[in-house]
Amino acid sequence: MAFVPPPYPHDRLGPVRAIAAAVPGGLLDASVGTPVDPMPAVVLDALSAAAAGATGYPATIGSVTFREAAANWIERRFGCAVAPDDVVACIGTKELVASLPRALSLRSPSRDTILYPAVAYPTYEMGALLAGLRPVPVPVDDEGHLDLNQVAPGDAERSLLLWLNDPSNPTGAVASPKGMVQAVEWARARGILVASDECYAEFTYDTDGRPAPPVTALSAGSDGVLAVHSLSKRSNMAGLRAGFVAGDHDLVGYLGEVRKHGGLMMPAPVQAAAAAALDDDAHVGEQQDRYARRRAIALPALESRGLVHDGGSSTFYLWLRDAECARDGWAIAEDLATTGLVVAPGDFYGSASTDHVRVALTLTDEQIQLLCERANK
Ligand SMILES: Cc1ncc(COP(=O)(O)O)c(C=O)c1O
């Protein structure tokens, strides 16, 4: 059967956007989650300093400086040792998420199934489809944790890869360190590789809204494990496209070779900027505080419109449903659009979450204030 790409989730928001755009003062876009705060000065300095030298092709796997910065950051933030040679640069991580199943399936053609959380970033499923593989969602429990006991043995036997995503987009749930290790061990026992998308690691918060230690699947050892990291949210660099994958020596080497043939090169000035970003933690602390502050202000305002957050305390996403379970995600999105707020209906994240909406707190402080004034009217 010919592959027909489904409509891109956010492109389905046209009618909701139109309602919001008609509100005097304009729409507040909390749907995509695109960063709005400034890039750190260290990043901008490194970017411009490296621009003139970008006459030649950059290394696909990433410069030594970039890969060392990534390895040092993993050691510093997670306490896990990774060699710079076990890091490969990505042009942002969406392209890696979308292309990894294909690359891995060429390496292990006997397995045809990709496991991913049933409530999740849609690109995990899309990566499987683009590779011609079977996407199989893994149920999540009420707390947003993967329930691997529910994977049918037949699906597990056919599985090539298990995606983890902690903290989770969209739910904000995060695995415990023990839960993370157990998930990796479950996969290893079945010969399944693990790709752990940890792009929100720096936005791990405790239930009081304080930054908390992040978890990584690499704490279970790197054998069969790839940790996927992005600078998009950590350092407000989404427009520069910088990320990396780190972990299993053989897998990372394989991906480096495949990507070299595909010409998947992160521009050299971006590599320099990303290395500078990874070496600096001060700006991350500021961003963590911004999102915690915005959450504390925005959540009560949204609750006043009959919504409850039943996700976890991490990330900068609110995962809301109707307090009476009377409306689905699209109905909630339409109501919020009458206040100018555009949010993402839960079915963007799978058929298991149609009663929710995701609100991205990627709004400026002024916009958050406006959101509160309008929500309370
Ligand atoms: C869970 C998750 N993984 C990966 C990405 C890709 O981010 P980027 O391509 O900017 O690194 C996103 C972006 O929103 C995401 O939410």
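The values are calculated or read from the model by the stated rules, or taken from the named source; none is laboratory data. Just so you know, these numbers come straight off a predicted model, no measurement behind them. Cβ coordinates were reconstructed from backbone atoms using ideal geometry, including for glycine residues, and neighbour counts include every protein chain displayed. All accessible areas refer to the heavy atoms of the entire protein, side chains included, with ligands and DNA or RNA removed. Shrake-Rupley method; radii C 1.70, N 1.55, O 1.52, S 1.80 Å.
Just a few scattered comments:
- P(r) histogram, all alpha-carbon pairs of segment 223-359 included - 10 Å bins from 0, percent: 10, 28, 26, 24, 11, 1
- Cα-centred dipole magnitude for segment 178-225, charges only on beta-carbon of K, R (+1) and D, E (-1), debye, nearest 20: 220
- Normalised by 2.2 N^0.38 Å, where N is the number of residues, the alpha-carbon radius of gyration of the chain equals 0.97.
- Karplus-based coupling profile of segment 53-64, in residue order and whole Hz: x, 8, 6, x, 6, x, 6, 4, 6, x, 5, 4, with θ = phi - 60° in 6.51 cos²θ - 1.76 cosθ + 1.60 and x standing for Gly or Pro.
- Scattering from segment 124-204 was approximated by placing one identical point on each alpha carbon and applying the Debye formula without solvent; log10 I(q)/I(0) at 0.18 1/Å stands at -0.78.
- Computed from phi, the 3J(HN,Hα) profile of segment 178-184 under the Karplus parametrisation 6.51, -1.76, 1.60 (θ = phi - 60°) reads 5, x, 5, 5, 5, 5, 5 Hz, with x in place of Gly and Pro.
- For segment 151-294: rounded, prolate or oblate by the Cα gyration tensor [a/c cutoff 1.5]: oblate
- Around the Cα centre of the chain, unit charges on the Cβ atoms of Lys, Arg, Asp and Glu (plus for the first two, minus for the last two) sum to a dipole of about 680 debye.
- Remark: segment 5-15, residue by residue, has Karplus-estimated 3J(HN,Hα) of x, x, x, 5, x, 5, 6, 7, 8, x, x Hz, where x stands for each Gly or Pro and the curve is 6.51 cos²θ - 1.76 cosθ + 1.60 at θ = phi - 60°.
- Built amide H within the under 5 Å cut-off of residue 193, gap 5+: 161, 162
- Linear extension gain, residue 182 paired with residue 142, 0.36 nm per residue minus alpha-carbon span: 12.5 nm
- Accessible surface for segment 1-78, divided over its residues, is 58 Å² per residue with a 1.4 Å probe.
- Ordered by solvent-accessible area of protein heavy atoms (1.4 Å probe), largest first, the residues 283, 249 come out as 249, 283.
- Its DSSP H runs of at least 4 residues, each contributing -39,500 (n - 2.57), put the calculated 222 nm mean residue ellipticity of the chain at -11500 deg cm²/dmol, to the nearest 500.
- Here's how it looks for residue 90: its modeled amide H is under 5 Å from those of 243, 244, 245, which are all 5 or more places away or on a different chain.
- Relative to the compact-globule estimate of 2.2 N^0.38 Å, the Cα radius of gyration of segment 43-167 comes out at 1.31.
- Dipole axis of the chain (+1 Lys, Arg; -1 Asp, Glu on Cβ), positive-most option in 363, 146, 301: 363
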